[in-house]
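Asker: Quick one: this structure, given as structure tokens, is what I'll be asking you about.
The values are calculated or read from the model by the stated rules, or taken from the named source; none is laboratory data. Computed from a prediction, not measured in an experiment: that's the story for all the values here. All Cβ positions, even for glycine, are placed from backbone atoms using ideal geometry, and neighbour counts span all protein chains on display.
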Amino acid sequence: MGRIIGPIRRPGAILMGANLRGANLVGADFTDADVSGAVLRDGKLTSTTLTRANLARTDLRAATLSRATLQGANLTDANLTLATLTGANLNGAVLTGANLNGAILVRSDLSGVSLTGADLTGADLTGAVLTRACLVDADLTSAKLSGANMEGANLAGAKLTGVKGLSTTKGLKK
């Protein structure tokens with residue numbers, strides 16, 4: 001069982017490189033925080049606010065971020081393998097080079113996100129909103145896109161091998 005840290009309010013906190021593996025940060029507010037390079041693997045971040053937070057190179061493997069707010073957050077090269085982001089708000093976030101292999105992003109708002117070069121292999125994006133998202137050179141091999149809205153998304157060079165649900169995806173030329 002992880003350490004219980006939330007709910008806390010630490011806007012602007014500096015947690016660079018911190019080891020918070022398995023931490024319970026449910027409902028915490030880390031608006032504008034610097035969490036770059038930190039380990040939050042297996043962390044519980046449900047309903048956590050990370051608006052404009054710097055999460056570059058952060059280890060979020062198998063973390064739970066359901067209903068979390070990550071608007072404008074920097075997740076460049078972050079590892080979100082098997083993370084759960086159901087209903088999360090990532091509007092305008094930067095996930096360039098991020099690893100989202102097997103991540104669950106069901107009904108998440110990814111409007112205007114940058115997923116350039118990101119690995120979304122096997123990710124579940126069912127019902128997700130990816131309007132105006134940049135998925136240039138992203139790997140969506142075997143991803144689930146049923147009911148996703150991809151209007152205005154840029155998929156130049158993206159790998160779409162084995163993608164499921166393309167027939168119900170909005171905004172893609174079929």
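Asker: Does THR131 satisfy the criteria of being over 18 Å from ALA88 (Cα atoms) and surrounded by fewer than 21 Cβ atoms within 10 Å (Cβ to Cβ)?
Answerer: no
Asker: For the range 50-97, what are the residues that are among the hydroxyl-bearing types (Ser, Thr, Tyr) and over 17 Å from VAL26 (Cα atoms)?
Answerer: Selection gives THR58, THR76, THR81, THR96.
Asker: Oh, and also: Filtering the range 148-168 down to residues that are in contact with a Lys or Arg (Cβ under 6 Å, 6 or more places away or on another chain) and of a type in the set (Gly, Ala, Ser), which residue is farthest from LEU130 (Cα to Cα)?
Answerer: GLY165
Asker: Any residue in the range 17-31 that is closer than 14 Å to ARG67 by Cα sitting within a Cβ distance under 7 Å of a residue that is part of a strand (DSSP E or B) and hydroxyl-bearing (Ser, Thr, Tyr)? List the pairs, counting only those 6 or more apart or interchain.
Answerer: Between residues of the range 17-31 that are closer than 14 Å to ARG67 by Cα and residues that are part of a strand (DSSP E or B) and hydroxyl-bearing (Ser, Thr, Tyr), the close pairs are ASP29/THR49.
Conditions (1) at pLDDT 95 or above; (2) part of a strand (DSSP E or B); (3) among the hydroxyl-bearing types (Ser, Thr, Tyr), marked per residue:
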site	(1), (2), (3)
ARG67	yes, no, no
GLY72	yes, no, no
ASP77	yes, no, no
THR96	yes, no, yes
GLY102	yes, no, no
GLY117	yes, no, no
LYS173	no, no, no
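Asker: Given the conditions (1) in contact with a strand residue (DSSP E or B) (Cβ under 7 Å, 6 or more places away or on another chain); (2) buried (at least 22 other Cβ atoms within 10 Å of the Cβ), which single one is not true for THR96?
Answerer: Failed condition: (2).
Asker: Could I ask something else about it? When you look at ASN74, is it under 23 Å from ALA128 (Cα atoms) and not charged (D, E, K, R), yes or no?
Answerer: Answer is yes for this residue.
Asker: Among the residues of the range 149-174, what is the count of those that are under 15 Å from VAL113 (Cα atoms) and in contact with a strand residue (DSSP E or B) (Cβ under 7 Å, 6 or more places away or on another chain)?
Answerer: So the count comes out to 4.
Asker: A further question follows. What are the pairs, 6+ residues apart or on separate chains, where a residue within the range 140-161 that is touching a residue at least 24 places away in the same chain (Cβ under 8 Å) has its Cβ under 8 Å from a residue that is assigned to a loop (DSSP other than H, G, I, E, B)?
Answerer: LEU145/LEU125; LEU145/THR126; LEU145/ALA128; LEU145/VAL163; LEU145/GLY165; LEU145/THR169
Asker: Here's another thing I want to ask about it. Residues of the range 99-124 being buried (at least 22 other Cβ atoms within 10 Å of the Cβ) and either within 15 Å of MET150 (Cβ to Cβ) or among the charged types (D, E, K, R) (or both), which ones?
Answerer: LEU105, SER108, ASP109, LEU110, VAL113, SER114, LEU115, ALA118, ASP119, LEU120, ALA123, ASP124
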